[in-house]
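Just so it is clear, none of the values below were taken in a lab; they were calculated from the coordinates. Since the model is a prediction, treat every value here as computed from it, not as a measurement. As a convention, Cβ positions derive from the backbone with ideal geometry for all residues, glycine included, and neighbour counts pool all protein chains shown.
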Amino acid sequence: MQDRQEQDDAVRRRPARWGASIGLALALLIGVAGPVLALSQDDDGASELVGEYGVAITEIDIPQDLPVVPALSGQWRIALEDDGSYVLERTDVGVLINGSYQVDGDQITLTDEGGLLSCANARSTVADLDPVTGVYTWTFEDEALVLVPEEEGCALRSILLSSRPLVTFIACLTEPFDFAANNPADGDATPDPDDEPITSEDEAAEADEDEATPDNPLDQLAGRRGNDESDADADADSGGEVPPEDEIDAGVDELLRQVTACWATGDPARLIPLFGEGLRAELVDGIGTIEDVAVQLEPLLTVPLTFERAGDLRLTDDTIAVAVVVVQIEDEESFQRFEFSYEDGRWLLNSLGEQEQAP
């Protein structure tokens, strides 16, 4: 029992240790993906704020004495509607707070009215302030909405709205991966003893034996890949198509936005459709089955990440491109070289990234 607890603690510590080495992305490219933010032609502040925003909240943002710490950590959608209502939704759970807001000049007043995490249900964290209503000043910086609390008696709402700038929200658009349709044709569920998937017990043992075990979630998954990357590359199926040259940058940037959005859902079935055939084959070769890949992915998706291209794309042939990508969480960043493959009319991930110097 004690050994099991130590293993669980080790697994939980890995994202935290890695979190100290990469950071939260604040700059999502807007033009290509079609931003959700809806600005009207009116000049008043209320219409300027109408739209949908996203923010990643991590454990480092949350005081440990706050009772709802586990519920706050994750990717959030914050929608300010044109009828004066708002909702705060954790994207992997659903709407947890709703209420109404008013804008007066550079101030916005928000009043919670319902929801499991509503401040209407909370005690004030500041003496003499009603936790139901909070007052913030607002401004835009680099197309991100910045809210600064002026009168706020609810720590929970302050964490969600002011821990960092609120960027344009982008939804994950992939259809969930159909695992049943991708099972081997023979339906043999008996694993080969030589190909059994790596368990959390195996991971803990490897960490004790090898201090170089990667803490980066992508590196953890990359460590499960098959050894012959050239075979995996050969498996990528472009269907004979060549991407239009003037759409390559836009297509890869769109892909990275979708990787960010689908990673935030916490659901491997939403992320795996963004993997190219070569990457899927490589992961299956190193892990076992596509279901095993999903099992390995699931705990990694609890670490909020964002992905954005940080360098020029370079074509290695008609349907393969490489570029440096900045992978960010919290306040730090990591630059990694990713490979992309053009398959069935769209760009997909063909690698999990390799460490690079900042461009």
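Once you reduce region 275-299 and region 72-123 to the center of their Cα atoms, the two points are 37 Å from each other.
Other residues whose C-beta falls under 13 angstrom from the C-beta of residue 335 contribute a net charge of -3, scoring Lys and Arg +1 and Asp and Glu -1. Taking 7 Å steps out from each Cα toward its Cβ at residue 315 and residue 113 produces label points 5.4 nm apart.
What does the charge count near residue 96 come to, summing +1 for each Lys or Arg and -1 for each Asp or Glu among other residues with Cβ under 9 Å from its Cβ?
Numbers: positive: 90; negative: 89.
Computed value for this residue: 0.
Once the chain from residue 337 to residue 357 is taken as fully extended at 0.36 nm per residue, the excess over their C-alpha distance is 6.3 nm.
Simple spin-label estimate for residue 126 and residue 302 gives 3.2 nm between the two label positions (7 Å along the Cα-to-Cβ direction from each Cα).
Calculate the FRET efficiency for residue 295 and residue 245 from the Cβ-Cβ distance with a Förster distance of 35 Å, rounded to the nearest 0.05. If you can, show how the numbers build up before the last one.
Values: r = 39 Å, r/R0 = 1.12.
Calculated transfer efficiency: 0.35.
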